[in-house]
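Some notes on the structure that comes next.
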Amino acid sequence: MPFYCKNRRCRRELQDDFEFCPFCGKNQTQDKPKRSKRPNGTGSIYQRKDIKSEPWVVASSITGVRVYLGHYPTRTAAVKALDEYEANPSTGYNMTLKQLHEKWLSSKSYTKLGNSAKSNYKTSWDKLRPLHNRKFKDLRKQDYQAIIDYYESPHQKRGNDGKLMYIDDKGRHTYKVTNKPYIIDGLKFSALHKIKCLLTKMYPFAMEDDIVNKNYASFIELPDPNEVIKTSFSDIQLMKIKQSVDKIPFADYILALCYLNFRVSEFLELTKDNYYVSDTGIPVFVGGKKTEAGTDRLIPIHPKIQSIIKRQLTKNGETIFCDENGKAMNKDKFRERYFYPALDMMDMPRTLTPQSCRRTFSTRMSAAGARPEDIIALMGHTSFDTDIKHYINQEASTLYDSIKLMA
C-alpha cells in the first residue's frame, strides 16, 4: 500500500519509514490530537471564520430547546461558558435587561402600582438606557453604579429618545451638535433612589428563572441625602449680578428673585393684581402657594429692586416677569432660556439654580440679624428649623462677624 506525505500540498509518495518528507520537510510521525466529542444533546462549539474578534460560537440543547449562548474570543472561553451553562441551565440565559423589564411590566406587582409610581419608574427606566440591550446575567454592581454616579453629578441632558442636547447661539436647547452642551444639575437623592428601587424589584424575576442567583442592585451606593450641598450666591456674585443689570439680558430677573424670595414658580406667576402699595407708601407683593403658611404671604419690595419692578409693570405683559414677547412662562422655560444663559454670560457656575436665589435671601436675612419669626413669615415656612437646615448657608466671613459680636 503506497504511503503519501501528510502535507496536503505535497502528497508525494514516500517510503513508510520516512520520518520527514524529503520534498517538503513535513513531520510524518506527529499526529494532531483529536478533540473529544461532546455527548449528543449537550451542546456544540464551532468557529466562524468571518468573525475575527469573537469567532467561537456556543449553543446548547440540554434543556430540549436550542439556546445560543453567544460569541467568545477563544475556544477555552467558549468551553467554560458552555460548561457553566449546562451546570445550571436556564431558558432566559440570553435575556437582556430590556426583556426582563418587559416581563416585569406584565407582572401583578407592577400592574397594581398607581399612575404616579408607574411614571416614576418610567423615568428611572429611561436613565438605564445604556444597559437596555446588555445581557442581564452579565450586569454587575459597577454597571449600575456608573449610571448612578453619572446622574448624581451635573451632566448633559438627554431627550426622551436618548439623544444628547445642546445650546444654540440663541440660548435655546437643541439636538443639533454645538460647542455648548446643555448641562443640568445632578439628580437628587430621591430620583437616584428610584433607579435602585426599579432594579431591585426586577431581580426576583431573574432569580426565579435561575438567570442569576444574586441581587447586584442591592449593592448600589447612593449619596447621603443629608450631605447634599445647597449653594447660594456669594456677596461677590450678588454684586456681579447688580452690575450686570441693563447689560446682560434677564440679570434683573435674577436680582429680583434674590430680593423677593418667592419660589421660582410663584415668581413667574406674579401679575399686577399681586402688587400693592401700603398706606405708608411701602410697595409689596402678596402672593405664594405650596403650603398653607406660604399662600398669599406679604413680601415687601426692597429698595434695590423697586426700579426693576416699576419697569416690569410698564411692560403690560401677561405676568410681571414675562418673556421678551410679554408672554407668561413656566419655570422650565425660564431656567433653560433665561436664567442659565444669563449665568453663563456672567461667568457663574450652573451649580447655582433659581432655588439658590431663595437661599441667598434667607442667608442674608439671617446674617443681618433678622428675627426668626420674620424669616419664617417671609419664607412661608412653619418652622425656623426648616430654614436652618435647608436654606441658610452662612459664609465663613459671616460666621466670623457673628462670633465677633460676642462679648
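The values are calculated or read from the model by the stated rules, or taken from the named source; none is laboratory data. Fair warning: this is a prediction, and the values are worked out from it, not measured in the lab. When we count neighbours, we look across all protein chains shown, and the Cβ atoms used for this are built from the backbone with ideal geometry, even at glycine.
The table for this structure:
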| item | result |
| --- | --- |
| Failed item, numbered, when Ala146 is tested on (1) closer than 25 Å to Thr351 by Cα; (2) small (Gly, Ala, Ser); (3) surrounded by 13 or more Cβ atoms within 10 Å (Cβ to Cβ) | (3) |
| Residue match in region 156-166 (condition: of a type outside the set (Lys, Arg) and under 15 Å from Cys197 (Cβ atoms)) | no |
| Test: Cys258 is crowded, with 17+ Cβ neighbours inside 10 Å and assigned to a loop (DSSP other than H, G, I, E, B) | no |
| Leading residue by the ranking (surrounded by the fewest Cβ atoms within 10 Å (Cβ to Cβ)) among those in region 128-140 that are touching a residue at least 60 places away in the same chain (Cβ under 8 Å) and in a helix (DSSP H, G or I) | Lys137 |
| Odd one out for Thr351 among (1) of a type in the set (S, T, N, Q); (2) out of contact with any Phe, Trp or Tyr (no Cβ under 8 Å at 6 or more places or on another chain); (3) more than 19 Å from Tyr276 (Cα to Cα); (4) in a helix (DSSP H, G or I) | (4) |
| Selection count where residues are modelled with pLDDT under 85 and at negative phi, scope region 264-286 | 10 |
| Positions within region 308-333 being closer than 14 Å to Ile184 by Cβ and in contact with a Pro (Cβ under 9 Å, 6 or more places away or on another chain), in sequence order | Lys331 |
| Count of region 195-211 residues which are surrounded by fewer than 18 Cβ atoms within 10 Å (Cβ to Cβ) and of a type outside the set (Asp, Glu) | 5 |
| Region 334-355 residues that are under 17 Å from Ser234 (Cα atoms) and in the same structural domain as Ala256 (by TED's automatic domain parsing), paired with ones that are of a type in the set (Ser, Thr, Tyr) and surrounded by 19 or more Cβ atoms within 10 Å (Cβ to Cβ) (beta carbon under 6 Å, 6 or more apart) | Met346/Ser244; Arg350/Tyr340 |
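Matching residues to (1) touching a helix residue (DSSP H, G or I) at 6+ places or on another chain (Cβ under 6 Å); (2) part of a helix (DSSP H, G or I); (3) in the same structural domain as Lys180 (by TED's automatic domain parsing):
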{"position": "Ala59", "(1), (2), (3)": "no, no, no"}
{"position": "Ala77", "(1), (2), (3)": "no, yes, no"}
{"position": "Trp104", "(1), (2), (3)": "yes, yes, yes"}
{"position": "Lys118", "(1), (2), (3)": "no, yes, yes"}
{"position": "Tyr121", "(1), (2), (3)": "yes, yes, yes"}
{"position": "Asp126", "(1), (2), (3)": "no, yes, yes"}
{"position": "Gln142", "(1), (2), (3)": "no, yes, yes"}
{"position": "Ile148", "(1), (2), (3)": "yes, yes, yes"}
{"position": "Asp161", "(1), (2), (3)": "no, no, yes"}
